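Chemist: Shown below is the structure under consideration.
We did not get these values from a lab; they are worked out from the coordinates using the rules stated. Since this is a predicted model, take the numbers as computed values, not measurements. Cβ placement follows ideal geometry from the backbone for every residue including glycine, while neighbour counts extend to all protein chains displayed.
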């Protein structure tokens with residue numbers, strides 16, 4: 001009996017020593033960032049795929065089961081996941097990961113938000129009170145998020161604090177170098193007029209100095225009216241653009257329609273990690289984004 | 001109306017005319033046979049084919065995707081013909097069940113990955129404003145062939161012939177304008193002219209064409225989503241003409 005107890009406690013201890021933090025990432029970009037910062041110290045699960053609209057997924061039982069075991073939930077926040085995450089968190093019965101707790105991390109808290117509405121009107125479609133939540137299209141946003149996330153990991157897993165600190169330092173250095181590389185590549189994109197299929201790229205445009213003239217679908221998830229399309233074509237006559245941008249998860253038909261009519265390039269951007277073959281990690285995501293934007297100029 | 005608006009509306013209106021060309025004769029027959037929901041069932045089965053093609057990573061081969069969609073629709077047609085032959089009294093129940101099973105299977109298959117919502121929504125509301133010339137030409141050729149075969153075999157008693165032609169027409173039209181408009185184009189003109197003895201087809205075309213025209217114009221003038229505006233315009237015009245006929 002004693003032996004058994006000893007064996008079990010040893011097993012528990014040893015599993016504790018290897019114990020990875022269970023991290024539930026809402027979107028692939030935060031899973032990729034957690035991976036960069038924690039390496040093999042975490043066991044990761046991602047709630048949405050790159051080809052899914054993170055606004056709308058179904059709360060599957062498997063997702064709730066993952067939330068039940070999670071030590072940390074890493075999400076964008078700013079209401080991006082408002083349609084499903086609160087349900088998942090509530091159903092999980094896991095107090096560690098409730099909003100406000102140590103196990104709940106919102107990336108949007110740590111970056112400067114764009115498109116914060118002065119006045120809130122749900123009639124305008126998918127509008128977010130805290131600003132546009134698609135912060136992952138500007139690589140500079142990952143720096144403050146990485147610092148905060150690394151601190152949170154160390155707080156939850158103090159035994160590995162040094163490990164997290166080292167990885168953060170390495171990430172910061174490599175990421176800053178990569179950003180300056182991308183910025184150099186992107187020089188020809190500065191001031192280029194573009195249009196977007198839906199308003200999902202303010203951070204990208206802000207970073208690269210793209211000039212967003214008009215959006216094809218003003219209310220995402222709503223078929224536009226013929227009147228709006230006439231306005232769009234009219235705007236393009238006054239101010240021609242070079243390309244129309246869309247995220248990989250979106251239907252290609254609207255941007256192909258406008259590309260054919262206005263004789264511009266339709267550019268599909270991976271939007272997040274996994275959104276294209278090359279976007280295997282955070283570096284691949286922006287390498288591919290740059291390559292596709294530059295190809296759109298030709 | 002300025003040139004820009006005309007430029008946007010014309011392809012959509014032509015798409016509407018192409019859909020009506022096959023759907024009015026088929027709609028009249030569908031109403032007669034009492035298999036109104038057959039179009040939903042067939043469209044779902046064709047959609048299922050597209051989903052499976054997507055899962056097999058074939059989305060970059062559009063012709064192959066169409067082939068898979070058409071063959072799954074033909075399988076659906078065979079199923080409907082079988083139902084009509086073997087379970088005529090409860091065929092509506094079977095057709096409804098087929099629709100629900102095909103739709104749920106699509107959701108099950110897409111739950112893992114892929115653009116689930118987007119695809120489903122596109123299939124429902126459709127994308128009449130986004131039609132391009134290739135699609136219009138393809139649908140025009142297909143419609144001409146279907147109508148020709150239909151004329152030849154109109155009096156055939158073979159259930160499968162009817163359902164096969166119907167299935168191919170639906171497969172094309174759903175991708176062009178969406179299920180709501182397909183359903184409206186089939187049923188509204190046929191239903192509104194139900195009591196007419198003479199010139200039924202001509203009146204049905206009149207209602208359908210007026211529906212597309214008014215819906216598209218409303219979409220420009222009062223800034224409404226085009227597909228659903230056409231559905232309502234056609235239904236109201238159908239209702240009005242049925243009422244006028246009654247007061248004659």
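Chemist: Taking each residue in A:252-262, count the Cβ atoms of any other chain within 10 Å of its Cβ, then average. What number comes out?
Modeler: 3
Chemist: A further question follows. Suppose the chain between residue A:294 and residue A:174 were pulled fully straight at 0.36 nm per residue; how much longer would it get relative to their current alpha carbon spacing?
Modeler: In short, 40.9 nm is gained.
Chemist: Taking 10 °C and 1.306 mPa s as the conditions, I'd like the Stokes-Einstein D for the protein assembly as shown in µm²/s, using the Kirkwood hydrodynamic radius from alpha carbon pairs.
Modeler: On the way: Rh = 26.2 Å.
For these conditions, the coefficient is 61 µm²/s.
Chemist: Picking from B:136, B:74, B:153, which is most flexible by a Gaussian network model of chain B using Cα springs under 10 Å?
Modeler: Comparing B:136, B:74, B:153 in a Gaussian network model of chain B, the most mobile one is B:153.
Chemist: Could you check which residue among B:163, B:212, B:94 shows the biggest mean-square fluctuation in a GNM of chain B with a 10 Å Cα cutoff?
Modeler: B:94
Chemist: Summarise the long-distance tail of P(r) for chain A by giving the % of C-alpha pairs beyond 29 Å.
Modeler: When all Cα pairs of chain A are counted, 40 percent exceed 29 Å.
Chemist: Would you kindly calculate the translational diffusion coefficient of segment A:186-297, applying Stokes-Einstein with the Kirkwood radius from alpha carbon pairs, for 20 °C and a viscosity of 1.002 mPa s, and quote it in µm² s⁻¹ without decimals? Please report the intermediate quantities before stating the final value.
Modeler: Numbers: Rh = 14.1 Å.
In µm²/s, the coefficient is 151.
Chemist: In a Debye calculation with equal point scatterers on the alpha-carbon sites of segment B:3-243 and no solvent, what is log10 I(q)/I(0) at q = 0.13, 0.18 Å⁻¹?
Modeler: Summing over Cα pairs of segment B:3-243 leads to -0.78, -1.46.
Chemist: Figure the gain on full extension for residue B:88 and residue B:196 (residue separation times 0.36 nm, minus the Cα-Cα span) and round it to one decimal in nm.
Modeler: Gain on stretching residue B:88 to residue B:196: 36.2 nm.
Chemist: Report, to the nearest 10°, how far helix A:28-38 tilts away from the longest principal axis of the Cα atoms in chain A, using its own Cα long axis and a range of 0 to 90°.
Modeler: Orientation of helix A:28-38: about 40 degrees from the principal axis.
Chemist: On to the next question. Quick one: B:100, A:23, B:220, fewest Cβ neighbours within 10 Å first, how do they rank? Numbers along the way, then the final one.
Modeler: Working: B:100 12, A:23 27, B:220 23.
If I rank by nearby Cβ atoms, fewest first, I get B:100, B:220, A:23.
Chemist: Only bridges whose two residues both fall in the protein assembly as shown count here: according to DSSP, what percent of them are antiparallel, nearest 5?
Modeler: Antiparallel bridges make up about 5 percent of those DSSP assigns within the protein assembly as shown.
Chemist: In nm, give the distance between the simple-model label positions of residue B:97 and residue B:58, each being 7 Å from the Cα along the Cα-to-Cβ direction.
Modeler: 2.9 nm
Chemist: Now for a different question. Which residue fluctuates the most in chain B, going by a Gaussian network model with Cα springs under 10 Å, if the choices are B:149, B:42, B:161?
Modeler: Maximum fluctuation in the GNM of chain B, among the listed residues, is at B:149.
Chemist: Within 10 Å of each residue's Cβ, count the other Cβ atoms and sort A:34, A:272, A:46, B:134 from fewest upward.
Modeler: In increasing order of surrounding Cβ atoms, one gets B:134, A:46, A:34, A:272.
Chemist: Okay, moving on. In whole Å, how far is the Cα centre of segment B:42-72 from that of segment A:50-106?
Modeler: Their Cα centres are 34 Å away from one another.
Chemist: What average number of partner chain Cβ atoms lie no more than 10 Å from the Cβ of the residues making up A:57-70?
Modeler: That average works out to 1.
Chemist: Averaged over peptide B:234-244, how many Cβ atoms belonging to another chain are found within 10 Å of each residue's Cβ?
Modeler: Mean inter-chain Cβ contacts per residue within 10 Å come to 0.
Chemist: Kindly rank A:47-56, B:182-191 from highest to lowest mean number of other beta carbons found within 10 Å of each residue.
Modeler: Top of the packing list down: B:182-191, A:47-56.
Chemist: For A:222, A:290, A:243, what ranking results if the residue with the fewest other Cβ atoms within 10 Å of its Cβ goes first?
Modeler: So the ranking, lowest neighbour count to highest, is A:222, A:290, A:243.
Chemist: Right, here's the next one. Sketch the reach of a paramagnetic label on residue A:91 as a point 7 Å from Cα along Cα-to-Cβ, and name the residues of segment A:25-48 whose backbone nitrogen lies under 19 Å away.
Modeler: A:25-27, A:45-48
Chemist: Whole Å is fine, so just give me how far the alpha carbon centre of segment A:182-233 lies from that of segment B:222-238.
Modeler: 29 Å
Chemist: Now a separate question. Assuming 0.36 nm per residue, please report the length gained on full extension of the stretch residue B:141 to residue B:104 beyond their Cα-Cα distance.
Modeler: Numbers: separation 37, 0.36 × 37 = 13.32 nm, distance 3.22 nm.
Net length gain for the segment: 10.1 nm.
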